[in-house]
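Notes for the one structure printed next.
We did not get these values from a lab; they are worked out from the coordinates using the rules stated. The structure presented is a predicted model; accordingly, all values stated were derived computationally and were not measured. All Cβ positions, glycine included, derive from the backbone under ideal geometry; neighbour counts span all protein chains shown.
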């Protein structure tokens, strides 16, 4: 048998590398801007397109899917070719994958500031973009499995297993969490409502962390760390073991995002149990990585790339220790909705994902340009300022989270809330928020220095676009011909195996989905809970557009500190018409689940125009554009019809007279405002959002008084 | 809460898929040698570099 000559495609790796750095800087800059807005609301430049609620999703999408996403593809395209001793399956598919992914990111950069969002966290992009993501993901899959198919190395190294798990699971998660009913080209409603929608979202949300931020990065770690240290992974056996354990356990952990909500208790406990179990396989990975460096710590002293890897692994270990702890109900009762969670995710994002990416970039770029790194000093500076940045970011946020949560839960000896005004707790933690933005700024500065360093490195070298390699072709497995069992034969064909397993999953999906869609839900309905009026529905869509859910939750947990502050705790039956649910995951401001009728219309008008008029010191931005912009009622009918299709009991034909009802309710609110000497036309957006806010949580109050 | 059965169904199917992959890995000898693969990935590139020099 003759050895075969072939070439590795380095150009695609380089392209994904450039995209990683560029989007990283953009995504982190947006992060810095919104961090500053949390103590200086004027940082939104008085512009609706750059206001926190709209660009916070831009920050998360940019750093997760643009920065980390491109870094995954960079690392996978580099390592997969070498591990399999084969060029990528198709150069054309690689190109489509690259440009398609960048186009999706650009569409996110355009739509999110415009307020076009589904409001599902990390899945904000509207349905046409969801379809594009699915298509490009399939292109990536074909390219990856095609390469596996034509490999020249029989054994699939553990990193490849992590890549495969990433591809399959993300595909399923993305499709299930994108079940939306389109209303127009850029507007849709989630198929599920309330608690069901919440469960789907966090089943997705947690697994996005697991299978986008964790498994692909573990795969990259298993390839690049041994390469960088030039020593084998500590225990290959452990890597296989913890891979299987990790992927079997991770998918069940989602409900820990919904503790103390109206999700059934057993589902919450299931999530907690699996989350606690996760510590074992997670630490398996961290320990395996760190022990790879045993006896080589002298290398870490001189080698800045290994320093990045050590901090990345340590951050991974800390975040995955903290995760199970946070999923314990008692800890979660304090940590949830607070800055503690922001600290937790940034230890993972800045430490684990960020530093691992930087390590790979510093190692890989000089290699494919056949040169040395332009400046080791600059890389060292990047390492130290990045590490300090993480500390300056995380520690104040932990502090802030603890402080605010404990203040919100504190009672006086007489049994009254010690800090009945939410704003008081916000003002207390502003110094920590200032510190956090300094930490984030330091981290960003490091990345900019890296960008310069890598550019100079690339300029002084020359890209080896096609790197020559040589390997023996794969010897055919003799048993295949003899074996007649169809399954055994199938198992040797990864692509066919993939297609069939996806088919099985899809069939299962529809078998399970159909009854759910056709049979009415068994969530206890509350007779007093009625569908939103057309005006309230439009107001709710404005609430979604402005991203209010980014700072205000809409679910009251059954704690005395919360029922005293906000009112009766939330019931599952209250959310049956909420497509999508708007429970939120962070309370930068107070919960709004029972906001309705607490204040007059005039209060809301003034508060939205300038929150500081009603609450001096508030960090909420002005929403003055709601006063000048006219409500678009052209879709009211279509929205009502879509909601009815999803099971909301609007009478047949109501879509035709919905706008009449809308006008009537709007005029009533405008008249009411004019009594307080506020002159506003009834067709303005602010009228709709006031109508929605005044409705929140009032259905139950009505039934309570009715019982008395 | 019908959705939970759907999600559990999805998760179980996914898990079964991975279980199938695991059995495939075991039976096709992927995990027979749990040492050399870790060394092998270090070797290939080094040889390649020597050739270029």
Point to revise | Sequence-separation-based contact order of chain A, relative, with Cα cut under 8 Å and 6+ spacing, percent | key: 17 percent
**Study point:** Euclidean distance of C-alpha centroids, the stretch B:1-30 and the stretch A:619-685, integer Å
**Key:** 47 Å
Practice item. Within the stretch A:306-348, which residues have the backbone N less than 20 Å from the label spot 7 Å out from residue A:411 along Cα→beta-carbon, could you tell me? Key: A:330-335
Exercise for review: Please average, across the residues of B:19-29, the number of beta carbons from any other chain that are within 10 Å of each residue's own beta carbon, and give a whole number.
Suggested key: 5
Revision key, fill the gap. The stretch A:56-113 and the stretch A:1-43 have their Cα centres apart by a whole-number Å value of 9 Å
Check your understanding: What is the extension gain from residue A:403 to residue A:474, computed as 0.36 nm multiplied by their sequence separation minus the C-alpha to C-alpha distance, in nm to one decimal?
Key -> 19.5 nm
**Study point:** Distance-filtered residues of the stretch A:302-316 - backbone nitrogen under 11 Å, label point 7 angstrom along residue A:283 Cα→Cβ
**Key:** none
Revision key, fill the gap. Mean separation of Cα contacts under 8 Å (at least 6 apart) over the residue count of the stretch A:172-297, i.e. the relative contact order in percent, is 28 percent
Review point. Among A:94-104, A:414-424, A:239-249, A:54-64, how do they line up from the highest to the lowest mean number of other beta-carbon atoms within 10 Å?
Key: A:54-64, A:239-249, A:94-104, A:414-424
Point to revise | When the convex hull of its Cα atoms is projected in every direction, mean area for the protein assembly as shown (nm²) | key: 34.0 nm²
Check your understanding: What number, in percent, do you get for the relative contact order of the stretch A:75-133 if the mean sequence gap of Cα pairs under 8 Å and at least 6 apart is divided by its residue count?
Key -> 22 percent
Check your understanding: Taking Cα atoms, how many degrees apart are the long axis of helix A:236-250 and the longest axis of chain A, rounded to 10 and kept between 0 and 90?
Key -> 20 degrees
Revision key, fill the gap. Note: residue A:438 to residue A:92 extended length (0.36 nm per residue) minus current alpha-carbon separation gives 120.2 nm
Exercise for review: Give, in nm to one decimal, the length gained when the segment between residue A:674 and residue A:612 is fully stretched (0.36 nm per residue of separation minus the Cα-Cα distance).
Suggested key: 20.2 nm
Practice item. Using Cα centres only, tell me the gap between the stretch A:370-394 and the stretch A:207-229 in whole Å. Key: 20 Å
Point to revise | Computed FRET value (nearest 0.05) for residue A:47 with residue A:22, which takes r as the C-beta separation and R₀ as 25 Å | key: 0.60
Point to revise | Crossing angle, helix A:91-111 versus chain A [Cα axis fit, 0-90 degrees, rounded to tens] | key: 20 degrees
**Study point:** chain A: angle of helix A:69-84 to the longest principal axis, Cα-based, in degrees nearest 10
**Key:** 20 degrees
**Study point:** Per principal axis, descending, Cα span of the stretch A:557-609 in whole Å
**Key:** 32, 28, 21
